[in-house]
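K.L.:
The following block contains the structure, expressed as structure tokens.
The values are calculated or read from the model by the stated rules, or taken from the named source; none is laboratory data. All values derive from a computational prediction rather than experimental measurement. For neighbour counting, all protein chains shown are included, and Cβ atoms are generated from backbone atoms with ideal geometry for every residue, glycine included. The protein model used for the area step is the full one, side chains on, heavy atoms only, and it has no ligands, DNA or RNA in it. Shrake-Rupley method; radii C 1.70, N 1.55, O 1.52, S 1.80 Å.
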Amino acid sequence: MAAGRVIRYLLKSWLSKPVHQREIYSWIRQQAPVVKIAEVGLGKIERAQELIEFAQLYADDHPIQFLGIDMFEGRPGGDGMPLKTAHKKLNSLGAKVQLVPGDAASALPRVANAFRNVQLLIISADQDVESIRQSISWIPRMLNEKSLVLWEVKDDKGELSFARYSMSQIEAMTVSPVRRAA
């Protein structure tokens, strides 16, 4: 198992595509076990599947908990996977999966107090920036001091990368003071 885990880590952190996602795998390995992951904007769910499978390599006997927020079949452009199909595929990996339909502004207030101590939160580049801004005050409720938020951004050339944020940096983005959940 140890040799297979090393080979999968090397493949993911050095050779996986798209290139900007390689830092996710390095961070998961360094912070292991990473057992609470949330993603806003699942798209076709490939990244979610890969994250769950990779986190399981380093989770020992801890179950992976995954929260996915997406418009699913209601995505603009009609490119989303149906909620039922996404749930079936992600549950088949053995993780505890919670999928919430909606954009960030409507879904995060519903789950922020229930899905706590998220270690890794990813915000996809295809998400509406205004929706994220409206819901940013809910995100710190989900995090802890060691959490990492990766916000996927596109540059002028269309290249994707991640902007990294800590809980304190996300709190600083909020308009009003953050009230922590009791």
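K.L.:
Against the definition (in contact with a Phe, Trp or Tyr (Cβ under 7 Å, 6 or more places away or on another chain) and under 22 Å from S131 (Cβ atoms)), how does M71 come out, yes or no?
P.N.:
no
K.L.:
Moving on to the next point. Out of (1) more than 22 Å from W27 (Cα to Cα); (2) modelled with pLDDT of 85 or more, the odd one out for V175 is which?
P.N.:
That leaves (2) as the condition not met.
K.L.:
On the basis of being assigned to a helix (DSSP H, G or I) and touching a strand residue (DSSP E or B) at 6+ places or on another chain (Cβ under 7 Å), does R164 make the cut? Write out each step before concluding.
P.N.:
Working: assigned to a helix (DSSP H, G or I): no; touching a strand residue (DSSP E or B) at 6+ places or on another chain (Cβ under 7 Å): yes.
Spelling it out, it is not the case that R164 is assigned to a helix (DSSP H, G or I) and touching a strand residue (DSSP E or B) at 6+ places or on another chain (Cβ under 7 Å).
K.L.:
Restricting attention to segment 23-32, does a residue exist that is of a type outside the set (K, R), in a helix (DSSP H, G or I), open to solvent by less than 40 Å² (accessible area, probe 1.4 Å) and out of contact with any helix residue (DSSP H, G or I) (no Cβ under 6 Å at 6 or more places or on another chain)?
P.N.:
Checked segment 23-32: at least one residue is of a type outside the set (K, R), in a helix (DSSP H, G or I), open to solvent by less than 40 Å² (accessible area, probe 1.4 Å) and out of contact with any helix residue (DSSP H, G or I) (no Cβ under 6 Å at 6 or more places or on another chain).
K.L.:
Let me ask something additional. Which pairs do you get when a residue that is open to solvent by 60 Å² or more (accessible area, probe 1.4 Å), found in segment 167-178, comes within reach of a residue that is of a type outside the set (F, W, Y) and at pLDDT 85 or above, reach meaning Cβ atoms under 6 angstrom, with the pair 6+ apart or on two chains?
P.N.:
What qualifies is M173/I136.
K.L.:
A follow-up question, please. Mind checking which residues of segment 42-55 are modelled with pLDDT of 95 or more and in contact with an Asp or Glu (Cβ under 6 Å, 6 or more places away or on another chain)?
P.N.:
A48
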